[in-house]
Amino acid sequence: MTPHSGPHRRQREVVSFVRRGARLTRSRQDAWDRLSELYVIDLPRGERDTIPAAGARLELESVFGRRAELVVEVGSGQGENIAAAAQASPERDHLAVEVYVPGLAQTLDRIERAGSPRNVRLLPLDAQRSLPQLLPAGSVSELWVFFPDPWHKSKHHKRRLVNPPFLDAVAPLMREGAVLRLATDWAQYAAHMHHVMEADPRFASLHPDGPRPDGTTSDEVPGDLPATGWAPRFEGRVLTSFESKAHAAGRLVWDLAYTRAPHRQEDENG
């Protein structure tokens, strides 16, 4: 199974990620060769290799062999969280959405080391442009976005994943009461995420009075950083090497948690 290439390139679109090369180390290639057929969802691709072909859908009961609550992690990186979650919560199904092929290969290795749970699948596509087409409305019980690219420069802020277009894409997919969990180690992006989420009536904070994390941070704290609305660290998030490096650099980690408000007709109609 190999990544597909679109037939041509159209007008440049704003994306929240950079599609990097797919060269794999020997160990990652071995994991890919042995495990991708079982765990990586291989769909026909559209005009680009990160979006599905028109008409493609995910039949969740067919993919997982059952009907269960679905946890989706957008930008699953090297898979520490999704592999651990699949092992720890066998009653739930887990879908990791990641465009970085070496990260997917590393995730396969982590899944194997977690005991090869069968309640996890990997989707190598652009979440914002693919999930609304692939998943049924109200099918997601929990959505995770942990440590997305902060895109520090002001001219790149439109590339940040946590923005209104992303919420427009995922909100209809989340059932009433579903939880959206966010985390970042950059105070500027934390403030941005907080403002975006608070402005969206489709979501309600689970911790409206939650204080900011304890301690000081080595990065610049914006003047409009809210004092409350912060969630405690999500116990279901494992301490990854990435988060450990953030702590070593003196940066705080900012968590947010929101619940999906009752659906309204205008939500579904945009």
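In table form, for the structure just shown:
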{"quantity": "Glu235 paired with Ala88, simple spin-label distance in nm, labels 7 Å along Cα-to-beta-carbon", "calculated": "0.9"}
{"quantity": "Accessible area in square angstrom per residue, the stretch 185-270, 1.4 angstrom probe", "calculated": "53"}
{"quantity": "Tensor-based shape of the stretch 192-270 (alpha-carbon gyration tensor, a/c under 1.5 rounded, otherwise prolate or oblate)", "calculated": "prolate"}
{"quantity": "Largest to smallest accessible area among Val120, Val221 [probe 1.4 Å]", "calculated": "Val221, Val120"}
{"quantity": "Amide H partners (placed H, <5 Å) of Ala178, local residues excluded", "calculated": "Arg260"}
{"quantity": "Ellipticity estimate at 222 nm from DSSP helix runs (n ≥ 4, -39,500 (n - 2.57)) divided over the chain, nearest 500", "calculated": "-8500 deg cm²/dmol"}
{"quantity": "Inter-label distance, nm, simple model (7 Å from Cα along the C-beta direction), Thr216/Lys153", "calculated": "3.1"}
{"quantity": "Cα-based shape type of the chain, given that a ≥ b ≥ c are square roots of the gyration tensor eigenvalues and the cut on a/c is 1.5", "calculated": "rounded"}
{"quantity": "Distance between modelled label sites at Arg264 and Glu69, nm, 7 Å Cα→Cβ extension", "calculated": "2.7"}
{"quantity": "The stretch 19-112 - percent of accessible surface contributed by carbon and sulfur, probe 1.4 Å", "calculated": "44"}
{"quantity": "Area of His152 that stays accessible when all protein chains are in place (1.4 Å probe, Å², to 10)", "calculated": "100"}
{"quantity": "For the chain, size of Cβ-based charge dipole, Lys and Arg +1, Asp and Glu -1, in debye", "calculated": "860"}
{"quantity": "Protein accessible area in the stretch 128-270, 1.4 Å probe - carbon and sulfur %", "calculated": "54"}
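The values are calculated or read from the model by the stated rules, or taken from the named source; none is laboratory data. These numbers come from a predicted model, not from an experiment. Neighbour counts are summed over all protein chains in view; Cβ atoms, including those assigned to glycine, are modelled from backbone coordinates with ideal geometry. Note: areas computed on protein heavy atoms with side chains; ligands, DNA, RNA excluded. Shrake-Rupley method; radii C 1.70, N 1.55, O 1.52, S 1.80 Å.
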